[in-house]
Amino acid sequence: MNKVYGNCNWPLPLTQLSRPFNLALKAQPCCARLSSTRSFRHKTQFWQCPSRDAGFATFSRSISTSHVGKKGKTRKGVPTHRPVSNSHNDEAYLDPEASKSVLGIILGGGAGTRLYPLTKKRAKPAVPLGANYRLIDIPVSNCINSNIQKIYVLTQFNSASLNRHVLRAYSCNMGGYRSEGFVEILAAEQSRENPHWFQGTADAVRQYLWLFEEQPIMEYLILAGDQLYRMDYQKFIQFHRETNSDITVAALPMDEKKASTFGLMKIDADGQVIKFLEKPKGNALKSMKVDTSLLGLGEEKARQMPYIASMGIYVMKKEVAKRLLLEDFPEANDFGSEVIPGATQIGMRVQTYLFDGYWEDIGTIEAFYNANLGITKKPPDFSFYDKTAPIYTQARYLPPSIMVDANVSDSVIGEGCVLKKCKISHSVIGLRSWIADGVSINDSLLLGADYYETDEEREALLLRRRVPVGIGRNSVIQRAIIDKNARIGENVKIVNKDNVQEAAQELDGYFIKSGIVTIIKDACLPNGTII
């Protein structure tokens with residue numbers, strides 16, 4: 001039986017959040033079902049936003065309990081390292097609550113050369129994702145679901161579409177009548193004190209410290225804008241406070257094959273970082289092996305994954321960030337390769353927090369392709385359909401997709417699509433996609449379109465032997481990415497017939513990376529084109 005995953009409106013737009021933030025979320029039937037728990041001891045209220053898809057290695061709240069070692073031995077005075085769990089029963093409690101004490105800082109990344117040509121006309125966080133979304137929606141939604149309402153997005157390259165998306169999706173009054181909540185873009189700018197653009201992640205935060213310091217908060221939560229995952233940051237921050245750490249780094253268990261592409265950490269029995277190396281190779285890589293069972297992994301999984309990789313997600317005390325960036329390492333440009341290792345060397349308490357759920361760094365065309373196609377699996381690698389922790393995006397008010405005699409299996413179909421007598425298998429079809437009769441699409445990703453062409457406009461283009469937006473009749477698309485507003489003519493075959501692994505044919509409208517054909521945004525392939 002054919003199945004279609006799509007046309008679901010669970011992730012509601014933030015334009016509906018004009019009322020006080022928590023009350024608005026609570027009122028929406030398809031939004032996160034937030035549980036309110038009152039502590040009579042502290043006379044405060046907090047919100048729990050659990051996630052079905054994220055897995056966490058959480059640590060005991062009691063610092064005085066015993067530590068369970070590899071062979072079951074215990075040691076007093078050390079936090080208990082509990083096994084990785086998806087449990088919803090552990091309630092995160094922050095005092096003061098995250099909305100008043102944490103500032104979210106999302107780093108837009110550099111030029112995104114590895115994601116080119118998807119980043120030819122847009123910043124990395126603005127790259128479309130999962131039919132209806134953009135990458136920036138992931139960290140912003142995680143923040144909102146974690147009751148973090150003050151969010152800055154730092155960007156520098158091709159930021160026009162990112163600015164537009166953030167403005168349209170998150171411009172509501174997130175903080176209620178007090179106007180305390182916001183999601184704002186901070187673009188790189190020159191000043192008399194600093195005439196340079198952002199030189200790296202740490203430099204980007206340093207240049208805006210003067211603005212961040214105006215917020216009466218305790219910690220900075222520093223996030224990447226190009227990752228796919230779901231995390232309750234409240235648990236992350238709670239552990240940071242319980243261990244009284246200067247910096248806490250979210251970390252993943254990693255096998256040897258992938259480890260050399262990440263920043264790796266070596267830890268002691270308490271999970272505290274004692275050594276940090278950025279993308280080590282050879283003997284340096286082997287020296288970073290650790291017993292990951294210390295962080296709650298089972299014996300077999302710990303054997304398969306003997307490395308701990310940084311996710312590029314940090315929570316740090318406000319005063320610690322100021323000291324590191326302005327006093328200790330004023331010339332450092334990057335957190336992963338300079339600031340975090342430097343903080344470890346000068347004796348600061350840098351702690352690890354193990355995350356064992358689905359996580360993908362969308363840094364390359366292949367990673368982007370696999371992450372999108374992963375949502376068509378059964379079950380999906382990452383689900384957008386978690387009502388307890390939805391992914392928000394811009395409200396586009398598009399009609400439901402139309403499928404006329406279409407054969408669609410194991411695919412995700414975005415909003416406002418028109419599919420006519422076509423065959424689609426194991427693919428993701430982005431919003432406003434137009435797919436004509438006789439088209440076959442398999443193992444592919446269509447990012448959709450920014451606008452519609454009317455039937456009259458399409459007919460007029462065809463009469464002039466021009467190509468309308470969308471996929472023309474009897475075309476075949478196999479293992480490819482079709483960027484927005486692409487015009488694919490009739491009888492076109494995008495199948496990588498020569499099995500080319502790398503090719504740059506920008507003038508012809510496409511690139512090939514890792515064997516995946518990517519059609520450039522706004523490109524036009526005439527009738528009969530074969531790639």
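The values are calculated or read from the model by the stated rules, or taken from the named source; none is laboratory data. In this text the structure is predicted, and so the values were computed from the model without any measurement. In this analysis, Cβ positions are derived from the backbone assuming ideal geometry, glycine residues included, and neighbour counts consider all displayed protein chains. These accessible areas exclude ligands, DNA and RNA; they are computed on the full protein's heavy atoms, side chains included. Shrake-Rupley method; radii C 1.70, N 1.55, O 1.52, S 1.80 Å.
Tallying residues that are in a loop (DSSP other than H, G, I, E, B), buried (at least 16 other Cβ atoms within 10 Å of the Cβ) and either at positive phi or acidic (Asp, Glu) (or both) within region 342-383 yields 2. When the test is whether a residue is at pLDDT below 90 and either under 19 Å from residue 102 (Cα atoms) or crowded, with 24+ Cβ neighbours inside 10 Å (or both), residue 181 passes it. Note on region 483-515: residues that are within 16 Å of residue 436 (Cα to Cα) and either touching a Leu at 6+ places or on another chain (Cβ under 7 Å) or open to solvent by 40 Å² or more (accessible area, probe 1.4 Å) (or both) total 7.
Within region 292-338, the set of residues being charged (D, E, K, R) and either open to solvent by less than 50 Å² (accessible area, probe 1.4 Å) or in a loop (DSSP other than H, G, I, E, B) (or both) comprises 317, 318, 331, 334.
Can you find, within region 133-148, the residue that is nearest to residue 217 (Cα to Cα) among those that are assigned to a loop (DSSP other than H, G, I, E, B) and either touching a Phe, Trp or Tyr at 6+ places or on another chain (Cβ under 6 Å) or of a type in the set (Val, Ile, Thr) (or both)? The extreme case among them is 148. Residue 266 meets all of the listed conditions (1) outside any helix (DSSP H, G or I); (2) among the charged types (D, E, K, R); (3) under 20 Å from the mean Cα position of the chain (by Cα) but one, namely (3). Among the residues of region 92-132, the ones that are within 14 Å of the chain's Cα centre (by Cα) and assigned to a helix (DSSP H, G or I) come to 3 in all. So residue 237 ticks every box in (1) touching an Asp or Glu at 6+ places or on another chain (Cβ under 7 Å); (2) in a strand (DSSP E or B) but one. Which box is left unticked? Of everything listed in (1) touching an Asp or Glu at 6+ places or on another chain (Cβ under 7 Å); (2) in a strand (DSSP E or B), residue 237 misses just condition (2). Residues in region 384-393 that are of a type in the set (Lys, Arg) and surrounded by 15 or more Cβ atoms within 10 Å (Cβ to Cβ): 0 in all.
Here is a check on your reading of the model: is residue 289 modelled with pLDDT under 90, surrounded by fewer than 22 Cβ atoms within 10 Å (Cβ to Cβ) and basic (Lys, Arg)? So residue 289 does not fit the description; no.
If you take the residues in region 226-268 that are out of contact with any helix residue (DSSP H, G or I) (no Cβ under 6 Å at 6 or more places or on another chain), farther than 19 Å from residue 279 by Cα and among the acidic types (Asp, Glu), which one is least open to solvent (accessible area, probe 1.4 Å)? Looking at residues that are out of contact with any helix residue (DSSP H, G or I) (no Cβ under 6 Å at 6 or more places or on another chain), farther than 19 Å from residue 279 by Cα and among the acidic types (Asp, Glu), I get 232.
Here is the figure for region 430-451: residues that are crowded, with 19+ Cβ neighbours inside 10 Å and not small (Gly, Ala, Ser) total 9. Identify, please: which residue in region 196-225 is under 15 Å from residue 106 (Cα atoms) and aromatic (Phe, Trp, Tyr) and is, among those, most open to solvent (accessible area, probe 1.4 Å)? So, considering only residues that are under 15 Å from residue 106 (Cα atoms) and aromatic (Phe, Trp, Tyr), the one most open to solvent (accessible area, probe 1.4 Å) is 198.
Would you pick out the residues in region 516-531 that are crowded, with 18+ Cβ neighbours inside 10 Å, outside any strand (DSSP E or B) and in contact (Cβ under 8 Å) with a residue 60 or more places away in the chain? Full working, then the answer.
Pass one, region 516-531, residues crowded, with 18+ Cβ neighbours inside 10 Å: 516-521, 523, 525, 529, 531.
Then keep just the ones that are outside any strand (DSSP E or B); that gives 520-521, 523, 529, 531.
Once the filter is applied, which keeps residues that are crowded, with 18+ Cβ neighbours inside 10 Å, outside any strand (DSSP E or B) and in contact (Cβ under 8 Å) with a residue 60 or more places away in the chain, region 516-531 yields 520, 521.
Results for (1) surrounded by 23 or more Cβ atoms within 10 Å (Cβ to Cβ); (2) touching a Lys or Arg at 6+ places or on another chain (Cβ under 8 Å), shown as yes or no for each residue.
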| site | (1), (2) |
| --- | --- |
| 100 | no, no |
| 107 | yes, no |
| 115 | yes, yes |
| 121 | no, yes |
| 125 | yes, yes |
| 131 | yes, no |
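The residues of region 452-469 that are modelled with pLDDT of 95 or more and under 22 Å from residue 393 (Cβ atoms) amount to a single one, 469. The condition (being in contact (Cβ under 8 Å) with a residue 60 or more places away in the chain, of a type outside the set (S, T, N, Q) and touching a Phe, Trp or Tyr at 6+ places or on another chain (Cβ under 7 Å)) is satisfied by just one residue among 264, 221: 221. When residue 324 is tested against (1) modelled with pLDDT of 95 or more; (2) closer than 30 Å to residue 517 by Cα, just one condition goes unmet, and that condition is (2). When residues in region 394-419 are screened for being in contact with an Asp or Glu (Cβ under 6 Å, 6 or more places away or on another chain) and open to solvent by less than 10 Å² (accessible area, probe 1.4 Å), 0 of them pass. There is at least one residue in region 407-416 that is free of Cβ contacts under 8 Å to residues at least 60 places away in the same chain and under 25 Å from the mean Cα position of the chain (by Cα).
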